[in-house]
Amino acid sequence: MSERKRKNPKSPLQTSNADHLKRMGRIAEQAKQAAEECAKLVSLPVQHTHAAGIDVGDATHWVCVEQAPDGGDPVREFPAHTPGLRELADWLKQCGVTTVALEATGAYGHVLFLTLLEAGFQVVTTSPTFTRQIKGRPKTDKRDCQWIQRLHKHGLLPSIFQPDEQTQTLRDYVRQRANLVRLSGQHIQRMQKALELMNLKLTKVLGDVTGLKILRAILAGERDPKALAKLRDRRCKHSLEEIATALDGRYRPEHVLELRCCFKMWEEYQGVIAQVDDAISAHLRTMVHATELPPLPPKPRVRGRKPHDPRFDVRTALYYATGIDLTAIEGIDEIIALTLVSELGSDFTKWPTVKQFTSWLGLCPNWKKTGGKVQSSRTRRGKNRAAHALRLAAWSLIRSHSYLGAYLRRQRARLGAPKAITATAHKLARIIYNMMRYGVAYMKKEEAAYASQVKERLEKQLQRRAKELGYELKKIEEKLETVIVDGEVLTVKPDGEIVV
């Protein structure tokens with residue numbers, strides 16, 4: 001019998017004792033590490049002497065301060081309703097608190113943030129990833145608020161971006177308008193489906209304005225194709241016979257009813273959107289700069305107006321609210337400019353550098369490097385509305401003859417459409433940051449400027465590569481010919497171009 005088989009196996013009791021000892025050793029090691037981390041934290045310098053930490057909840061909020069005024073428990077629980085929020089703010093004032101830190105949570109956290117902001121506190125809203133407890137420490141709501149207060153006292157909690165009060169109001173208006181436009185667009189799709197079921201090819205031959213006239217006539221009971229075709233706009237490219245043929249349909253009652261209901265709902269949404277536009281216009285007038293601004297240059301006239309376009313001059317309102325004309329940048333129209341101002345505000349000092357701004361947008365590579373190797377460089381995923389608007393603006397440049405349009409097309413050929421859109425959105429973000437932060441005017445460049453820049457870069461690369469390989473590059477001189485035309489001596493290139 002071998003030596004291995006002669007050994008007696010351990011009994012179940014010995015195995016259980018050994019596992020228990022290992023587990024106790026691990027627990028002791030974790031407790032030692034937690035104690036060391038807490039000791040390091042206590043030894044850090046205090047940056048906020050009058051700090052408070054709040055663990056935000058749906059029903060109640062747990063609040064921790066450094067010291068209660070009556071010498072009692074520095075941790076208290078407050079209900080989340082409005083009287084409870086007022087009581088919470090009054091207690092913080094009694095405790096002498098000047099700055100408050102709370103986790104970024106849902107809508108109830110936003111209500112608490114606005115309440116504390118209106119009460120005059122300096123509020124830091126931080127991500128829950130920065131307020132995690134030390135491993136091995138019991139987790140309760142009471143302990144969480146104490147941990148948040150301790151971290152904030154030493155200045156270890158970075159704040160997420162929060163715009164000022166006026167920008168937050170504008171942001172709520174613009175987001176509400178975007179939701180209404182999205183919902184009204186669903187009714188437009190249902191109307192198109194009802195028209196297809198009635199075999200009316202209205203969308204193939206007519207535009208929005210003329211199509212609305214014919215839709216109203218159909219809902220009023222008109223069924224004659226020629227009578228409907230006469231309602232077309234005079235600028236319509238299709239003939240009367242073509243439109244009449246497209247409007248010869250099958251009017252089933254269920255489809256007509258669906259068209260009637262959807263059209264009525266769409267008109268109701270248009271009325272509500274008009275009310276929101278009035279509120280946005282009035283609010284932008286309250287954000288006008290106190291300093292005088294030079295007059296805004298006239299905007300090139302664009303023919304036609306879409307049903308969901310704002311019913312006020314967005315370009316002028318944003319110019320006097322921010323001091324910058326964002327629509328001067330190629331690809332950024334009034335809707336995108338309004339979205340950017342509502343999401344970002346006009347104070348770009350909250351991002352110290354342009355790199356931090358593009359990183360917050362999620363438009364630059366998110367490097368994950370370990371052991372000298374790059375594991376990933378994908379851009380950070382997120383639902384940033386400003387980044388989404390910049391991507392839409394970037395894709396609209398695909399046929400532009402500007403510098404940015406040429407850049408997008410070249411990046412698309414090299415990297416593919418998704419990465420090219422992100423790269424162009426990143427370039428747009430850098431332009432907007434410099435304009436909003438430093439007041440730099442945007443200088444438009446044509447496609448030829450980008451082609452010249454690419455050519456110059458390629459020449460430098462060739463010169464460097466040739467020098468590394470021990471060669472010398474020399475530019476080929478063009479052969480010029482001299483001709484006499486009408487007694488005048490002209491210099492002509494081989495391609496026939498005359499040199500001036």
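A few remarks follow.
- Among (1) free of Cβ contacts under 8 Å to residues at least 24 places away in the same chain; (2) open to solvent by 80 Å² or more (accessible area, probe 1.4 Å); (3) within 19 Å of Q166 (Cα to Cα) - the single one A337 does not satisfy: (2)
- Q275, sole failed condition from (1) open to solvent by 70 Å² or more (accessible area, probe 1.4 Å); (2) modelled with pLDDT under 95; (3) not in a loop (DSSP other than H, G, I, E, B): (2)
- The selection criterion, being at pLDDT below 80 and either within 23 Å of E118 (Cα to Cα) or open to solvent by 70 Å² or more (accessible area, probe 1.4 Å) (or both), holds for E36.
- Scanning segment 176-192 finds no residues that are open to solvent by less than 70 Å² (accessible area, probe 1.4 Å), of a type in the set (D, E, K, R) and touching an Asp or Glu at 6+ places or on another chain (Cβ under 6 Å).
- The residues listed here are K204, K213; of these, the one that is open to solvent by 70 Å² or more (accessible area, probe 1.4 Å), touching a Leu at 6+ places or on another chain (Cβ under 6 Å) and either in a helix (DSSP H, G or I) or of a type outside the set (A, V, I, L, M) (or both) is K213.
- Residue satisfying condition, being assigned to a helix (DSSP H, G or I), open to solvent by less than 10 Å² (accessible area, probe 1.4 Å) and free of Cβ contacts under 8 Å to residues at least 60 places away in the same chain, within set L114, L88, L102: L88
- Annotation: of all residues in segment 152-171 being under 15 Å from the mean Cα position of the chain (by Cα) and surrounded by fewer than 15 Cβ atoms within 10 Å (Cβ to Cβ), the one that is nearest to A51 (Cα to Cα) is I160.
- Members of segment 72-84 found to be open to solvent by 10 Å² or more (accessible area, probe 1.4 Å) and either more than 25 Å from Q47 (Cβ to Cβ) or at pLDDT 95 or above (or both), listed by number: G72, E77, P79, A80, H81, T82, P83
- Residue in segment 117-134 that is assigned to a loop (DSSP other than H, G, I, E, B) and out of contact with any helix residue (DSSP H, G or I) (no Cβ under 9 Å at 6 or more places or on another chain) present: yes
- Scanning segment 359-370 for residues that are open to solvent by less than 80 Å² (accessible area, probe 1.4 Å) and farther than 23 Å from I432 by Cβ turns up just one, T370.
- Any hit, segment 176-187, residues being assigned to a loop (DSSP other than H, G, I, E, B), within 30 Å of L114 (Cα to Cα), within 29 Å of the chain's Cα centre (by Cα) and not small (G, A, S): no
- For segment 233-257, the set of residues classified as in a helix (DSSP H, G or I), of a type outside the set (A, V, I, L, M, F, W, C) and open to solvent by 50 Å² or more (accessible area, probe 1.4 Å) consists of E241, E242, T245, P253, E254, listed by residue number.
- Test: residue in segment 362-369 that is more than 30 Å from D313 (Cβ to Cβ) and aromatic (F, W, Y): yes
- Output for segment 386-409, where each listed residue is of a type in the set (D, E, K, R) and either farther than 13 Å from A425 by Cβ or buried (at least 22 other Cβ atoms within 10 Å of the Cβ) (or both): R399, R409
- Of all positions in segment 194-201, at least one carries a residue that is open to solvent by less than 80 Å² (accessible area, probe 1.4 Å), within 16 Å of T245 (Cβ to Cβ) and touching a residue at least 60 places away in the same chain (Cβ under 8 Å).
- A residue that is among the acidic types (D, E) and part of a helix (DSSP H, G or I) occurs nowhere in segment 217-232.
- Residue match in segment 300-314 (condition: more than 18 Å from the chain's Cα centre (by Cα), part of a helix (DSSP H, G or I) and within 28 Å of T169 (Cα to Cα)): yes
- Among the residues of segment 316-335, those identified as in a helix (DSSP H, G or I) and small (G, A, S) are A317, A321, A328.
- Members of segment 141-166 found to be touching a Leu at 6+ places or on another chain (Cβ under 8 Å), touching a residue at least 60 places away in the same chain (Cβ under 8 Å) and closer than 18 Å to V111 by Cα, listed by number: P163
The values are calculated or read from the model by the stated rules, or taken from the named source; none is laboratory data. Please read these numbers as outputs of a predicted model, since none were measured by experiment. As a convention, Cβ positions derive from the backbone with ideal geometry for all residues, glycine included, and neighbour counts pool all protein chains shown. Side chains are part of the model used for accessible areas, which takes the heavy atoms of the whole protein and leaves out ligands, DNA and RNA. Shrake-Rupley method; radii C 1.70, N 1.55, O 1.52, S 1.80 Å.
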